[in-house]
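The values are calculated or read from the model by the stated rules, or taken from the named source; none is laboratory data. These numbers come from a predicted model, not from an experiment. Note that each Cβ is placed from the backbone with ideal geometry, even for glycine, and that neighbours are counted across all protein chains shown. Remember, those area values only see protein heavy atoms, side chains included, never the ligands or the DNA or RNA. Shrake-Rupley method; radii C 1.70, N 1.55, O 1.52, S 1.80 Å.
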Amino acid sequence: MTRRDLLDAAVARLSDAGVEDARRTAEWIVEHATGARRVDLYARPDLVLEPAEAALADRLVDRRATGEPVQYVIGSADFYGLRLAVTPAVLIPRPETESVAEHALGLVRDLEAPCVLDVGTGSGAVALAVKSERPEAQVFAVDVSPAALAVAAGNAEELGLDVTFVEADALRPSFADGVPPLFSLVVSNPPYVPDAERAGLQREVRDHEPGTALFVPDADPLVFYRALAGHAGRLLAPGGWLVAETHADHGRAVAALWAEAGLEGAEIRPDLAGRDRIAVARRPA
């Protein structure tokens, strides 16, 4: 079997399974299985594959055809210029969250050595993006999931980035006891999808990504933002910033909640698609 044969068969299998962007997905899988770059697949399409390469690609295509996200299938995702390992223990990093990291970094641009906390770190995406851009920063990252923290710590080690990881539950009143106080910046991409929306999500998200990192009770979809506001007085240095990704329908409610909690300058900012998704506020100086 040649590279062309394998790629064409993968595209056909994924198309038949209703996978969106079947060709690009097939390219990712074949790249991963063969170790070839995308350009090489087309520059040398008649190269005959090793049987093990073809067999691996077939297994990965079958997994993607059943609805498993391609990032889990190949075991990695790109975020803010970093290649991160991902498993079903963590959310797949998304471009929208890159906007959150970019906004957060902008707020501490003028600080010499900011101290930063990432709440609900998952794969470590935001914490590692901050550390990669600001090597002199002290960066801490927390998550309630030991499995997620193991993935994040592995990513930090692979990238050679010094981030401190802590297991802690942001919904507990004692949360602030487990991490150092007085951060220049607290940033978070918390769970924010109401349970009522679960059935309407893509199967890749609904059936494969960790529900504890996605869903919140319909009765209080702002539960994590309420918790962050409650911890802000103990975690943030005077003038320190709180930044979080939000549901597109709830951004303004989050900003209002934070303003009512006594945080200054609470506002909602747009993500890459222009949707109100990034809540920003600061502790009074």
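Values as computed for the structure displayed
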| read-out | value |
| --- | --- |
| Accessible surface of the range 138-210, 1.4 Å probe, proportion on carbon and sulfur as whole % | 51 |
| Computed over the range 1-96, the ratio Rg/Rh where both radii use C-alpha atoms and Rh is Kirkwood | 0.97 |
| Vicinal HN-Hα couplings computed from phi for the range 201-214 (Karplus, 6.51 cos²θ - 1.76 cosθ + 1.60; Hz; Gly/Pro x) | 6, 4, 4, 4, 7, 4, 9, 10, 7, x, x, 5, 8, 10 |
| Where the Cα pairs of the range 133-216 fall when distances are cut into 10 Å bins, in % | 14, 39, 32, 14, 0 |
| Ellipsoid semi-axes in whole angstrom, largest first, where each is sqrt(5λ) of the Cα gyration tensor of the range 177-253 | 28, 13, 11 |
| Segment Ala52-Asp110, extension gain: residue separation times 0.36 nm, minus the distance between their alpha carbons | 15.7 nm |
| Qualifying trypsin sites (Lys or Arg not before Pro) in the range 98-207, DSSP loop, other Cβ atoms within 10 Å at most 14 | Arg109 |
| For the chain, calculated [θ]222 nm from helices alone, where every DSSP H run of n ≥ 4 adds -39500 (n - 2.57) | -12000 deg cm²/dmol |
| Percent RCO, i.e. relative contact order, over the range 154-285, from Cα pairs under 8 Å lying at least 6 residues apart | 24 |
| The range 129-180: proportion of alpha-carbon pairs further apart than 18 angstrom, % | 35 |
| Cα gyration tensor of the range 66-144 - equivalent ellipsoid semi-axes, whole Å, descending | 25, 12, 10 |
| Nonlocal amide H pairs with Arg269, under 5 Å, H built at 1.01 Å | Arg277, Ile278, Ala279, Val280 |
| Nearest-0.05 FRET efficiency for Ala153 and Asp177, computed from C-beta distance (R0 25 Å) | 0.70 |
| Globularity ratio of the range 213-285, using Cα Rg and 2.2 N^0.38 Å | 1.06 |
| Label zone at Gln202, where the point sits 7 Å out along the Cα-to-Cβ direction: the range 253-285 residues whose backbone N lies under 16 Å | 273 |
| Karplus-derived HN-Hα couplings along the range 269-285 (A = 6.51, B = -1.76, C = 1.60, θ = phi - 60°), whole Hz, x at Gly and Pro | 10, x, 8, 4, 8, x, 8, 6, 10, 10, 8, 9, 7, 9, 6, x, 7 |
| Orientation-averaged projected area, Cα convex hull of the range 45-105 (nm²) | 6.0 |
| Principal axis dimensions, largest first and in whole angstrom, of the range 131-285 by Cα | 42, 38, 32 |
| Cα-centre dipole for the chain with unit charges at Cβ (Lys and Arg positive, Asp and Glu negative), debye to 20 | 220 |
| Whole-percent carbon and sulfur share, accessible surface of the range 6-71, 1.4 Å | 50 |
| Peptides 251-262, 113-124 ordered by average Cβ neighbours within 10 Å, highest first | 113-124, 251-262 |
| Kirkwood-type radius of the range 82-127, with distances r between different C-alpha atoms, in Å | 11.8 |
| log10 of Debye I(q)/I(0), alpha-carbon scatterers only, for the chain at 0.10, 0.16 Å⁻¹ | -0.57, -1.19 |
| Distance (nanometres) between label positions extended 7 Å along Cα→Cβ at Ala253 and Arg94 | 1.7 |
| Potential lengthening between Arg44 and Val166 on full extension [0.36 nm per residue; Cα-Cα distance subtracted] | 39.2 nm |
